[in-house]
1. Restricting attention to the range B:280-291, and to residues there that are closer than 11 Å to B:F330 by Cα and either out of contact with any Lys or Arg (no Cβ under 9 Å at 6 or more places or on another chain) or surrounded by 14 or more Cβ atoms within 10 Å (Cβ to Cβ) (or both), which single residue is farthest from the other protein chains (Cβ to nearest Cβ)?
2. Pairs under 6 Å by beta carbon, first residue without any contact (Cβ under 8 Å) to a residue 40 or more places away in the chain in the range A:331-342, partner of a type in the set (A, V, I, L, M) and in a loop (DSSP other than H, G, I, E, B), six or more apart or different chains?
3. Of the numbered conditions (1) of a type in the set (S, T, N, Q); (2) surrounded by fewer than 21 Cβ atoms within 10 Å (Cβ to Cβ); (3) farther than 22 Å from A:V280 by Cα, A:Q169 satisfies every one except a single condition; which is it?
4. Can you name the residue in the range A:67-87 that is in a loop (DSSP other than H, G, I, E, B) and among the aliphatic types (A, V, I, L, M) and, of all such residues, is nearest to the other protein chains (Cβ to nearest Cβ)?
5. Hey, could you check the range B:320-346 for residues that are farther than 24 Å from B:M368 by Cα and outside any helix (DSSP H, G or I) and say which is farthest from the other protein chains (Cβ to nearest Cβ)?
6. Which of the following residues is touching a strand residue (DSSP E or B) at 6+ places or on another chain (Cβ under 9 Å), of a type in the set (K, R) and either assigned to a helix (DSSP H, G or I) or within 14 Å of chain B (Cβ to nearest Cβ) (or both): A:K318, A:K388?
7. What single numbered condition from (1) more than 14 Å from every other protein chain (Cβ to nearest Cβ); (2) more than 23 Å from the chain's Cα centre (by Cα); (3) exposed (fewer than 15 other Cβ atoms within 10 Å of the Cβ) fails to hold for B:F349?
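The values are calculated or read from the model by the stated rules, or taken from the named source; none is laboratory data. Worth saying up front: this structure is predicted, and the values here are computed from it rather than measured. Because the Cβ atoms are built from the backbone with ideal geometry, glycine has one as well, and the counts that use them run over all protein chains shown.
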Amino acid sequence: MDDSTVNYQKSNISDNNFEQCIKCTICTVYCPVTPVNPDFPGPKQAGPDGERYRLKKPFFYDEALKYCLNCKRCEVVCPSNVKIGDIIQSARIKYSKKSPGLRDRMLANTDFMGNMATLVAPVVNATLGLKPVKKIMDATLGIDAHRTFPSYASEKFTTWFKKEARLNQSRYPRQVAYFHGCYVNYNYPQLGKDLVTVMNAVGYGIKLLEDEKCCGVAKISNRLIDEAKRDGKINLEQIRRAVLEENLTVIGTSSTCTFTIRDEYPHLLDLDNADVRDEVMLATRFLYNLIDSGKAKLVFRDDYKKRVAYHTPCHMEKLGWTIYSTSLLKMIPGLDYVPLESNCCGIAGTYGFKKENYNYSQDIGRPLFNQILGEHVDLVATDCETCKWQIEMSTGMPVANPISIIADALDIEATRRANSVNLK
Amino acid sequence: MKYDIVIIGGGLSGLVSGILLTKAGRKVAIVSSGHSALHFSSGSFGLFGQRDGNFVERPLEAIAKLPASHPYRKVGIDAITDYVKRVKPLFAEAGINTHGSEERNHYRLTPIGAFKPAWLTIDDYATVGKPDNLPWGKVAIINFNGYLDFYPSFIAKGLEEAGLSCSLKSFTLPELETLRKSSTEMRAANIARVIVGDVIGDVAREVNRLAGDADTVLMPAVIGLFDDEPVKLLREKVDRPLYFVSTQPMSVGGMRSQIRLRRYFKKLGGTYLLGDSVTNGVAEGDRMMKIFTVNLGDMELSADYFILASGSFFSYGIMANPVSIYEPIFGLDIKAPTTRSEWYHKDIFKDHAYMKYGVTTDDEFRVMKDGRTLDNMYAVGAVLGGCNSMKEESGAGVALMTSMKVVDNILAR
């Protein structure tokens, strides 16, 4: 046999490695949905097994694939590197005949909804919290009444940034670009402010992308693919400008936004990001790298004392970057670090908001909630905003992004001195 | 990121190496690309069970007579005699309770009703001292309705040939009926997740009812995914001896072993990177300096020592294409002929040569590249080759003994 045989073998494997499945069912063992929802065929059946049939005839597409959370935990545990989650999501995009309704469009358009809601935030927040409104949304839209809608901020992060922070940022010796995402902009600007605090303290000014759109994750999971693609293209243009023209790294504070831009763009939206992908990362990875390579130091307050558990969001597990966030947390001397078993919290973005998924969502998260409640911590840390909502709602425990925890524990002046930060 | 030791592979050998090194105060990271072959475990750990198709009664005596090419010979019989005593307590620390002795093999009941030699078996799996004298009397084999990875009639045939009488029963519970709605996912791990808490009492009640006049009950080993508490509770509530028989994969006992070892490693302070693959390494002279992974990208993992515990063909530690056999990460030297026809035997049940292929090492288990030894990189477990662990029933033993030896080698430096 010659080299052409070898090459033929290699070229005969799909990008998602579906031919490499040996039907071992490890994916099924670690799927968070399978144990709570028998209507979901499981990742092996929904993924590589079903794909064989779908390739023959789209007739074999099963609408039950909608129960997949797209958590990618099947991919993390697969010994054969089969992209099971991608196979399932691609099949939903390609074959599903059900078009997204009003509810799904509302949930998916985080950008539009956020822009509208922040204008009249106090009214929206009060209204969304009212029991009758929740009941109406439950009955008419199918947004589960148990859900507490994340509150909207009265001032967008970008508005604050322009007013309070932007002018100073270029005076820092080094610069980094920030993809803040919808959550920071519309719901929780404090996280963005905390990032500015931490990065400024180690001598980095923050630059925002000129025109940032939603990363698209909610649109992808609600199958608004054209819209997601349009937003993704704009984001990639902005990211390219930052990375290729201005030589900046683009950091994020949401594991899901970061994951979507890095991996879902090429895998599900067919947007090639190879030229910039390595320069898009989580803030915790960027910061850890600075410290690990001796380029920055963090000095923490003596009086910070908290017992903190870290929850690994599914997309963080898939990124494999938990180590950066947890290593940073462990650097805080007064922080008593509690590891948690890596379990899905059940919300999976907009999935858990849907009435038909609410009970599954809570059943999936229960082992995590019980573990958190059993550890008697002061605070739960996690890199994902929807995990934060879910854990806060389901355990009553406060949840914070590691960047916010670092900002809280940091001795800002001492850190600036340790990094010799002098503004230009 | 800097560690004292980075281990490539998170199966039995990688985890045991990691646990021992962490216990010795070293900073250890394990990189594991997906879950390991432990998920396919029989519930038993073999040291040395068969030689040329014959059952081995005293494994240590047989190991002492192995050829020099066998990895056991590099560990040395004195070291093995010492190490074997430490395994059961080490497993128990992690929460894996086993029975068995290295002095004399016992026999485990296989999923198709045969008996095979084993060294240590997870407590409560069905084993006997000798297969020609079964102590179980009348046996009731009780399955869950709709669970397809367990074949009671095969087991019954095996036991009946050995002179026992068997009755086959099955039952269901509302919780299990819910699972059955998905015909493809009535699987071991999903059943195990259901049989916890109050459901254990319901299972016991059904088992007691169905056992009739049986002296012993056998059930599929699909209980106790995260620990053996549900198993213990069920055995307390069942009114006669109850043993479990390993099933077709996934193996709940194997998964429990993997979960317990990984949790123990992490509890000791070890770092476990799941779902990440090592792409390449950078060596300077005869030392491996750092390795890179898919997820960590340009942020390397550097270490004083590296341990390759990446398994054999099944785990992609060794790979084959139509023209060559190779070690895919570092391109390490491999002991394998280049002629494809020499790799296998035309009779599938015969001893295939490829089963013995693995990376070349020196006497200390240090790997070689282009004929030169890498001074700080070791190989353990199945990636070593040198033996047909399937035919010998020695896979777990080789993983454990070579790991313990390499840990000692590193700690001695």
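1. If we filter the range B:280-291 for residues that are closer than 11 Å to B:F330 by Cα, which is where we start, we get B:280-283, B:288, B:291.
Next, from what is left, pick out any that are either out of contact with any Lys or Arg (no Cβ under 9 Å at 6 or more places or on another chain) or surrounded by 14 or more Cβ atoms within 10 Å (Cβ to Cβ) (or both): B:280-281, B:283, B:288, B:291.
Values: B:N280: 16, B:G281: 18, B:A283: 21, B:M288: 19, B:I291: 14 Å.
Step by step, filter the range B:280-291, then rank; the result is B:A283.
2. Close Cβ pairs (under 6 Å, with a partner that is of a type in the set (A, V, I, L, M) and in a loop (DSSP other than H, G, I, E, B)) amount to A:V338/A:V377.
3. Exception for A:Q169: condition (3).
4. So in the range A:67-87, the residues in a loop (DSSP other than H, G, I, E, B) come out as A:68-72, A:78-83.
Among the residues that remain, those that are also among the aliphatic types (A, V, I, L, M) are: A:69, A:82.
Working: A:L69: 16, A:V82: 9 Å.
The qualifying residue nearest to the other protein chains (Cβ to nearest Cβ) is A:V82.
5. Step by step, filter the range B:320-346, then rank; the result is B:H345.
6. Details: A:K318 fails: touching a strand residue (DSSP E or B) at 6+ places or on another chain (Cβ under 9 Å).
Just one listed residue meets the conditions, A:K388.
7. (2)
Each row is one residue, and each column tells you yes or no for (1) modelled with pLDDT under 95; (2) under 17 Å from B:A396 (Cβ atoms); (3) in contact with a helix residue (DSSP H, G or I) (Cβ under 6 Å, 6 or more places away or on another chain).
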| position | (1), (2), (3) |
| --- | --- |
| B:L66 | no, yes, yes |
| B:G76 | no, no, no |
| B:Y83 | no, yes, yes |
| B:I96 | no, yes, yes |
| B:G100 | no, yes, no |
